[in-house]
Amino acid sequence: ALRLFGQLLNNKTFLLTFIHTLESQRSFSMRDRGNVASLTMVALQGRMEYATVLLKQLLSDLIEKNLESKNHPKLLLRRTESVAEKMLTNWFTFLLYKFLKECAGEPLFMLFCAIKQQMEKGPIDAITGEARYSLSEDKLIRQQIDYKMLTLSCVCPDSENGTEIPVKVLNCDTITQTKDKLLDAVYKGIPHTQRPKAEDMDLGELEKSI
């Protein structure tokens, strides 16, 4: 059955009808739309030309539907509520992967690290994500909070020589936030996928030899 369904996915008429039929169902939730879009693009990632033709047709149908309902053109592609819009996101992800990996990835990561470092100079609400030095006014901590900067000495558990690394934290940081800052310092330059998670690590006191 799966083999036959896989063959049907290569039929443009069937796939367009299949997606339109699903979207016409009231029980077809937003999560379902995202799952269908992602799984469809995964199934077609080996045939990006066909996927592009299919996506162009879905977007054309979406634009026509938007015009018929007399919605404002600016609302198109803003809410990403349709399968076509979610497929478009995945389409960009596939096609931009090489560019991000070879060209834009490093500058974007450096920008992320710089913003993260700036935000961590002040308090960050561990629950809401609001920060004293947030770039967004919607996520800005407006009330005055008294805090002090502390310098902790951290030793990598995998280090043989036990070299201490100074790490700056705030006295209002949560334990998890403190762990994250320590891990950022200890595992600097190591891919995030190869780093231990904060919840898997425990904080301990260094024993000073006299």
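The values are calculated or read from the model by the stated rules, or taken from the named source; none is laboratory data. Computed from a predicted model, the values in this text were never measured in an experiment. Neighbour counts are summed over all protein chains in view; Cβ atoms, including those assigned to glycine, are modelled from backbone coordinates with ideal geometry.
Of all residues in the stretch 35-68, exactly one satisfies the criterion of being in contact with a helix residue (DSSP H, G or I) (Cβ under 7 Å, 6 or more places away or on another chain), part of a helix (DSSP H, G or I) and at pLDDT below 90, namely L62. Looking only at the stretch 66-89, decide whether some residue is within 30 Å of G6 (Cα to Cα) and among the acidic types (D, E). Yes, that holds for at least one residue.
For the stretch 91-103, the count of residues that are among the polar types (S, T, N, Q), closer than 30 Å to T176 by Cβ and within 20 Å of the chain's Cα centre (by Cα) is at least one. Note on the stretch 70-122: among residues that are within 24 Å of D184 (Cα to Cα) and aliphatic (A, V, I, L, M), the one that is surrounded by the most Cβ atoms within 10 Å (Cβ to Cβ) is M119.
Considering T89, T176, T128, the condition of being hydroxyl-bearing (S, T, Y), part of a helix (DSSP H, G or I) and outside the structural domain of S38 (by TED's automatic domain parsing) is satisfied by T176 alone.
Within the stretch 106-149, the set of residues being within 17 Å of C172 (Cβ to Cβ), in contact with a helix residue (DSSP H, G or I) (Cβ under 9 Å, 6 or more places away or on another chain) and hydrophobic (A, V, I, L, M, F, W, C) comprises I124, A126, A131. For the stretch 185-210, filtered to residues that are touching a Cys at 6+ places or on another chain (Cβ under 9 Å) and outside any loop (DSSP other than H, G, I, E, B), the residue that is modelled with the highest pLDDT is A185.
Note on the stretch 76-88: residues that are free of Cβ contacts under 8 Å to residues at least 12 places away in the same chain and touching a helix residue (DSSP H, G or I) at 6+ places or on another chain (Cβ under 8 Å) total 3. Counting only residues that are surrounded by 15 or more Cβ atoms within 10 Å (Cβ to Cβ) and touching a Gly at 6+ places or on another chain (Cβ under 8 Å), the stretch 134-152 holds 1 of them. Can you tell me which residue within the stretch 69-86, out of those that are farther than 17 Å from L8 by Cβ and touching an Asp or Glu at 6+ places or on another chain (Cβ under 7 Å), is modelled with the highest pLDDT? The extreme case among them is S82. I'd like to check something: does the stretch 40-62 contain any residue that is under 28 Å from P191 (Cα atoms), surrounded by 12 or more Cβ atoms within 10 Å (Cβ to Cβ), of a type in the set (A, V, I, L, M) and out of contact with any Asp or Glu (no Cβ under 7 Å at 6 or more places or on another chain)? Taking every residue of the stretch 40-62 in turn, at least one turns out to be under 28 Å from P191 (Cα atoms), surrounded by 12 or more Cβ atoms within 10 Å (Cβ to Cβ), of a type in the set (A, V, I, L, M) and out of contact with any Asp or Glu (no Cβ under 7 Å at 6 or more places or on another chain). Exactly one residue out of P196, P191 is loosely packed, with under 11 Cβ neighbours inside 10 Å and either of a type in the set (K, R) or over 18 Å from I115 (Cα atoms) (or both): that is P191.
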